[in-house]
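First comes the structure, then the notes that go with it.
The values are calculated or read from the model by the stated rules, or taken from the named source; none is laboratory data. Everything quoted here is computed from the prediction, not taken from an experiment. Virtual Cβ from ideal backbone geometry, glycine too; neighbours counted across all protein chains shown.
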Amino acid sequence: MNKYLKISLIVVCVLAAGFLVWQIVIIVNKNNNPTLPPSTKSEIFDQTDSDISQSQNTTADNSGSEKIIIDKIGITAPIINNVDGNNMQAYLTALEGGVAHLAKTALPGESGNSVIFGHSSYYKAKPGNYKTIFAKLNLLASGDTIKVTRENKNYSYKISETKIVKPEDISVVSQDKSKKQLTLITCWPPKTTTSRMVIVANLE
C-alpha cells in the first residue's frame, strides 16, 4: 500500500475516533447535568401590578409533603421534586401546584445546590394557585431565613446573596458537593422573561 495512503487512513481513523469520543462526552454531560427550563413566549404574563402586589400568602394543605416557607414575605408552598428542565409542559404543570425543584440538583438538606423555581407572574386564566408565588423575592436580603420541610425534617437556610442574571446563565444551577446550598430562581422583573432573580442561601 502506498505510504501516503497509509498515513491518510491513520489520520482519518484518528479523527473518527476523536469525533466519537466528543459525542460521548456531550451525551454524558447532557444526561448528568441539570438543565434550566427554556425561555418561551408562552411565559409572557398578564398579571396587573395589583395582582402581583397581592402575591399569594398560601399555606398548602399538604401535611407530610415537602414545602418551602419564607416568613418574611408570607410564603408557604409545596415543592414538586425532580422536575425536568427540558420538558416545558412538565415544568409548567409542576408550577400549577407550587414551586419546582430542578431535576439533577441536590434535594433540600443534601450536599450540593438544591435549585427551586417559582413564578413571579403568569396568565390569570391558566390553572394553579401559585402564579405570583415568587413575586416578592426582591424584598429578601442577606441574612434572611428560608425554611424547607422534607421527609418530616426541617432545614433552615440563611441567604448569602441576591442577584439578577441572564436566562442563559447556567452557573446558578452548578453543583458543589462541599456546600449545602439552596437557590431560588424566578423570572424578573414580573410580567417579563428578560432576566432571572436569584436568591442563594446556605444551610445553617
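Please go through region 156-177 and pick out each residue that is acidic (D, E) and within 13 Å of the chain's Cα centre (by Cα).
So in region 156-177, the residues acidic (D, E) come out as 161, 168-169, 176.
Listed by number, the residues that qualify are E168, D169.
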* Asked: Looking at (1) in contact with a Gly (Cβ under 9 Å, 6 or more places away or on another chain); (2) without any contact (Cβ under 8 Å) to a residue 24 or more places away in the chain; (3) of a type in the set (S, T, N, Q), can you tell me which one S171 breaks?
  -> (1)
* **From the options N87, N82, residue that is surrounded by fewer than 22 Cβ atoms within 10 Å (Cβ to Cβ) and within 23 Å of D176 (Cβ to Cβ)** => N82
* Structure fact -> Of the candidates I170, I199, the one satisfying the condition of being among the aliphatic types (A, V, I, L, M) and buried (at least 17 other Cβ atoms within 10 Å of the Cβ) is I199
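For the structure I just gave you, tell me whether V165 is buried (at least 21 other Cβ atoms within 10 Å of the Cβ), assigned by TED's automatic domain parsing to the domain that holds P189 and at negative phi. Break it down into steps so the answer makes sense when it comes.
Details: buried (at least 21 other Cβ atoms within 10 Å of the Cβ): no; assigned by TED's automatic domain parsing to the domain that holds P189: yes; at negative phi: yes.
When the stated conditions are applied, V165 does not pass them.
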